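The values are calculated or read from the model by the stated rules, or taken from the named source; none is laboratory data. Everything numeric in this text was worked out from a predicted model, so none of it was measured. No Cβ is skipped: glycine too gets one built from the backbone with ideal geometry, and neighbour counts run over all protein chains shown.
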Amino acid sequence: MLQTIGGLVVFMAQVARATFSRPFYLRQTLDIMAILVQRCIVPVGLAVAPVGAVISLQGIAVFKLFGAERMLSAFLGTAIIREYSPALASVMVAAQAGSSIAARIGTMKVRGQIDALAVMSVDPVRYVVVPGVLACVLVTPLLSVVTNLLGILSGWIFAVPLGGVDHGAFMDNLTAQITPMDLWVGLGKCAVFGLGVGMIAGYLGLNVGRGAADVGKAANDTVVSTIVLILFTDYVVSMALLGAGL
Amino acid sequence: MSGPDEGLIASVERSLTKLVDFVRFVGLALRVQFTRVPPRDVFITQFVDAGWGSLALLTMLTAFAGLNLSVQSYASFERFGGQDLLGMFAGVGGVRELYPVMAAVVCGARIGANLAASLANMRISEQIEALEVMAVDPLDYLISPRLWAVTLALPLLCGYADVVGIAASYAGAVYQLDLDAGSFMTQIQEQVGLVDIGAGMLKGLIMGWLVAVIACFHGYSVSKRDGADGVGISTNLAIVHGAVTCIVVNLFLSWLIYG
């Protein structure tokens, strides 16, 4: 346990150093980003859109008790933008991208390609891990912009045409209550969670065991441990923001 | 996963063939699930692995989700002075939606990945063919007990998640946010009944079966020439498809039950 934590800290330091010093492998980063966007956009969209609908569906019943259906959109907007869109988008990025990054690095390690890179005096962390980490950090917020829109749209469908809330009131409350700060909090969370996904995938991929089964295990562990990390960080961040009054 | 160079038509065609295969697999699975009694020892092993094995993970995750639900709804409600209604919201949002879905998605990811990986491994190491040679129907021996195990384990996990989640959101609301404990509990008791917990468990039953059948399909339909890469791909597909299916199906179930 202690060994893992120590290894992780050393690994994080290596990644940080490699990220901010030359040479940069921009080409690899862009390639991975393109693949990530392509692969993640459908699962991420499909995962977040129903959440907006469910919030409207259940929220209307609760808000109706007080005759406050018009406030629904304010709640929907903040819940989607600040909480659910970042958390779910990152969970799906972890499931789709994190596991495949871990599997790719793990396969390279098992085949001895990582050692071959080191022999050619190419730093494997710099060449293989950093592009993946950067791609996750940049792509997750991008995806979350799309899912914000999708989530609010599906919430609108269940609130206005199906739930009988007035369209004007819905839009007014939405625009009045959501501040730019909410957007920044959401995007910031995404970037932090994306960093977690990339780091864990890189670490578990590089520290894979010997065979093909171990690669599968690394991919699996990436998903599970990232989900735990995301929920934990989410809680800490929410507490900190609540304390800071943002 | 399709490569970036693949044409659109080819990839649509491939997805459609896969879909047809899946429907056929569901038909076979249903038939084998309901016509014969699954072998008991395999069922028990799988049930324990799916249920007991997910417990630690689920406890940790629901605890954080419950705390999160309190803290985050508090932040949203504070804007219009509704923080005293947190109990109601934590109860309704948590028990009806969040905890069952989370149990299904997270345990589904873990269980589904295990199922797909183990079946795919058996496929590429020719163990499934070996069963056929011994005149043991692999669907009967491998798939049916797994389907039953996950279908029956997930509702229990959902019920358990409800309990842990409510306890955590209570702890968050009362000890961290200093809300009134009595009013929090009253609101939960008023809003959440056994019906809601039952509905959550029903969702668990349906999502559990879906997760299991999707994972079994991906694991079982790996072909031998895909080799070790095929194991990784099928695991990944099982996780992603399972999670997306759970979230989408949850919407329709909620719509049916509460809409």
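A few notes on this one:
- Filtering the range B:86-120 to residues that are at the interface with chain A (Cβ under 8 Å from one of its Cβ atoms) and farther than 22 Å from B:S234 by Cα leaves B:M88, B:F89, B:V92, B:G93, B:R96, B:E97.
- Positions within the range B:195-242 being in contact with a Cys (Cβ under 8 Å, 6 or more places away or on another chain) and either modelled with pLDDT under 85 or β-branched (V, I, T) (or both), in sequence order: B:V211
- Of all residues in the range B:120-137, at least one satisfies being of a type outside the set (K, R), in contact (Cβ under 8 Å) with a residue 12 or more places away in the chain and in contact with a Pro (Cβ under 9 Å, 6 or more places away or on another chain).
- In the range A:196-211 there is at least one residue that is surrounded by fewer than 18 Cβ atoms within 10 Å (Cβ to Cβ), in contact with a helix residue (DSSP H, G or I) (Cβ under 9 Å, 6 or more places away or on another chain), facing chain B (nearest Cβ under 10 Å) and among the small types (G, A, S).
- For the range A:76-155, the helices (runs of 4 or more DSSP H) that sit wholly inside it and include 2 or more residues that are surrounded by fewer than 20 Cβ atoms within 10 Å (Cβ to Cβ) are A:99-110, A:113-119.
- Counting the residues of the range A:222-245 that are more than 9 Å from chain B (Cβ to nearest Cβ) and touching a residue at least 60 places away in the same chain (Cβ under 8 Å) gives 3.
- Residue check for A:G186: small (G, A, S) and either within 15 Å of the chain's Cα centre (by Cα) or facing chain B (nearest Cβ under 10 Å) (or both): yes
- Flag for A:S56 being surrounded by 18 or more Cβ atoms within 10 Å (Cβ to Cβ), modelled with pLDDT of 80 or more and away from chain B (no Cβ under 11 Å): no
- Among residues that are away from chain B (no Cβ under 12 Å) and either surrounded by 14 or more Cβ atoms within 10 Å (Cβ to Cβ) or over 22 Å from A:L134 (Cα atoms) (or both), A:F24 is included.
- Within the range B:79-193, helices (runs of 4 or more DSSP H) holding 1 or more residues that are of a type in the set (V, I, T) and more than 30 Å from B:G230 (Cα to Cα): B:144-171, B:181-191
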